[in-house]
1. Taking Ser261 as meeting all but one of (1) open to solvent by 70 Å² or more (accessible area, probe 1.4 Å); (2) under 30 Å from Ser2 (Cβ atoms), write down the number of the exception.
2. I'm trying to understand the selection: among the residues of segment 84-105, which are within 16 Å of Gly251 (Cβ to Cβ) and surrounded by fewer than 19 Cβ atoms within 10 Å (Cβ to Cβ)?
3. Which condition does Tyr190 not pass, out of (1) closer than 24 Å to Trp131 by Cα; (2) in a loop (DSSP other than H, G, I, E, B), if it passes all the others?
4. Output the residue which, of all residues in segment 74-120 that are without any contact (Cβ under 8 Å) to a residue 40 or more places away in the chain and of a type in the set (A, V, I, L, M, F, W, C), is nearest to Leu46 (Cα to Cα).
5. Does Asn75 meet the test of being part of a helix (DSSP H, G or I), touching a helix residue (DSSP H, G or I) at 6+ places or on another chain (Cβ under 7 Å) and either among the aromatic types (Phe, Trp, Tyr) or closer than 27 Å to Ser265 by Cβ (or both)?
6. Being within 27 Å of Leu231 (Cα to Cα) and aliphatic (A, V, I, L, M) is the filter here, so list the residues in segment 1-52 that pass it.
7. Can you find even one residue in segment 237-251 that is under 30 Å from Gly120 (Cβ atoms), open to solvent by less than 60 Å² (accessible area, probe 1.4 Å) and assigned to a helix (DSSP H, G or I)?
8. Just give me the residues in segment 210-221 being open to solvent by 30 Å² or more (accessible area, probe 1.4 Å) and in contact (Cβ under 8 Å) with a residue 24 or more places away in the chain, in sequence order.
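The values are calculated or read from the model by the stated rules, or taken from the named source; none is laboratory data. No experiment lies behind these values; they were computed from the predicted model shown. We place every Cβ from the backbone using ideal geometry, glycine too, and count neighbours over all the protein chains shown. Just the protein is used for accessible areas: all its heavy atoms, side chains included, with ligands, DNA and RNA removed. Shrake-Rupley method; radii C 1.70, N 1.55, O 1.52, S 1.80 Å.
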Amino acid sequence: MSWGTELWDQFDNLEKHTQWGIEVLEKYIKFVKERAEIEINYAKQLRNLSKKYQTKKNSKEEEESKYTSCKAFQNTMNEMNDYAGQHEVISENMTSMIMAELTRFVQELKQERKSHFHEGRKAQQHIETCWKQLESSKRRFERDCKEADRAQQYFERMDADINVTKADVEKARQQAQIRHQMADDSKGDYSSVLQKFNHEQQEHYHTHIPTIFQKLQDLEERRITRLGDSLKTYAEIDRQVIPIIGKCLDGITKAAESINSKQDSQTVVESFKSGFEPPGDIDFEDFTQSMKRTVSDTSLTNNRADVKSDPKTPGKSRGKLWPFIKKNKLSLKLGATPEDFSNLPPEQRRKKLQQKVDELNKDLQKEIDQRDALTKMKDVYMKNPQMGDPASVAQKLIEIGSNIEKLRVEVQKFEGWLAEVEGRLPARNDNSRRQSALYETQNTAPVNNCAQDRESSPDGSYTEDQSQETEVKVTPTEFDDDFDDEEPLSTIGSCKALYPFDGENEGTISVAEGEILNVIEEDKGDGWTRIRRNEEEEGYVPTSYIEVYLDKTAKGAKTYI
């Protein structure tokens with residue numbers, strides 16, 4: 001079916017239809033543009049979401065990432081980031097392969113359509129002009145014929161009238177002949193114009209218009225074909241990324257399958273294991289016989305008997321059943337972390353020290369590699385002075401050498417602490433050794449408060465130290481009512497501040513270098529000693545900042561811990 005033959009008289013409708021077809025194509029282009037914007041915005045939101053939940057460096061989340069479930073979640077975030085990238089690919093391909101191409105195609109269609117309809121209008125104007133010429137020639141021929149007929153009738157009347165002169169008759173006859181000649185000329189002109197119009201009309205409706213309409217039909221069919229091809233491309237763009245998106249989803253599935261609950265449970269053990277043993281049974285103490293009990297000079301209860309009651313505040317307990325709970329909370333509030341991690345339980349301290357040693361060894365190896373590289377560079381400069389000045393490398397080598405020496409000292413220091421902890425861990429599991437250490441501590445006046453001696457003492461959170469804190473005996477009837485009330489602890493020794501300390505955290509106290517203070521509670525293995533400046537001012541200070549002198553005759557050496 002051809003538009004030129006079937007729609008020869010539908011010029012205006014074809015003009016409207018082809019304009020509508022271009023508008024449909026522009027509408028589709030707008031749709032693809034909005035889809036591309038949705039894809040790029042979706043990809044951006046997915047990337048932001050993945051970034052939001054990614055593990056941040058040097059944070060608690062980085063420590064938590066050792067669990068398989070957390071690793072799987074982070075792998076999922078990575079896969080979602082790649083997933084977002086595929087939506088960016090969709091947006092880019094739709095923009096370049098559909099929008100840009102179709103926009104150029106539409107501009108070409110508009111120009112071509114405009115040219116075709118311009119030719120069509122010219123053809124219409126030409127045929128209309130020919131028609132007007134034909135009508136004009138026809139009217140002129142008709143008018144001349146009527147004039148000739150009237151002139152002939154006038155001549156015949158004049159010729160029949162006997163009263164008209166011969167001259168008048170001759171004049172009428174000549175006028176009639178002139179009109180007949182004009183009619184014949186008009187007839188010939190009309191015939192010529194008619195033949196020309198018929199030819200032009202034949203050309204117009206069978207050649208010019210069909211050619212123009214055929215071009216418009218080809219234009220419309222190319223538009224429709226191009227729209228179909230673009231729809232296929234639209235689907236293909238999505239189909240191309242489906243395998244990659246499938247791989248992203250497979251990665252998420254693989255990450256989910258990598259979760260190992262047993263391994264995570266074991267990781268929890270490794271993360272929080274302290275290395276201590278649970279506290280043993282507490283001996284029953286018969287308070288009703290406290291007044292009748294005889295005290296041996298060598299008994300550990302000697303100090304206990306001396307402070308079994310306070311005449312000022314009878315019935316008040318100076319220790320709680322589980323004071324280690326309060327002590328642990330206080331240690332968390334202090335927020336101070338000794339360099340040797342002596343505030344941590346043995347197992348956790350060992351892990352921290354091992355991590356520190358590994359970090360220092362990595363830094364040391366980097367410095368050594370850099371030194372070796374600079375040394376080679378210096379040798380090259382010495383052999384080939386034109387390549388560089390050896391002196392420019394010498395200063396850097398000196399700095400690196402100094403850094404290497406410092407790092408080696410640090411490594412040795414932490415390795416010493418690590419060896420010390422690894423050597424003492426079994427001793428913490430031996431109750432008999434723990435008790436022996438208590439006896440030795442009780443009979444020693446000056447105490448060296450380095451990290452090694454702190455590690456050798458039992459931890460205050462889980463063991464019962466019979467030589468460090470005071471336990472005051474109370475009657476059973478008063479114990480329940482006064483359980484939460486505490487009286488000031490008695491002095492068990494003195495200490496000298498080796499370094500100044502600013503007690504800025506809650507529970508701490510500031511001391512000046514060389515200051516002498518009273519000790520009211522020994523270090524329980526967490527790196528802190530409780531001291532008192534006067535009756536109202538007391539708090540904790542780092543054990544490594546002071547030198548402690550215990551009073552052998554001090555009362556009170558037992559607290560439940």
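1. (2)
2. Gly85
3. Here Tyr190 clears every test but (2).
4. Met77
5. Judged against the criteria, Asn75 is a match.
6. Met1, Leu14, Ile22, Val24, Leu25, Ile29, Val32, Ala36, Ile38, Ile40, Ala43, Leu46 - these are the residues of segment 1-52 that are within 27 Å of Leu231 (Cα to Cα) and aliphatic (A, V, I, L, M).
7. Within segment 237-251, the first condition is being under 30 Å from Gly120 (Cβ atoms), and the residues that meet it are none.
Looking through segment 237-251, none of the residues is under 30 Å from Gly120 (Cβ atoms), open to solvent by less than 60 Å² (accessible area, probe 1.4 Å) and assigned to a helix (DSSP H, G or I).
8. Across segment 210-221, the qualifying residues are Thr211, Gln214, Lys215.
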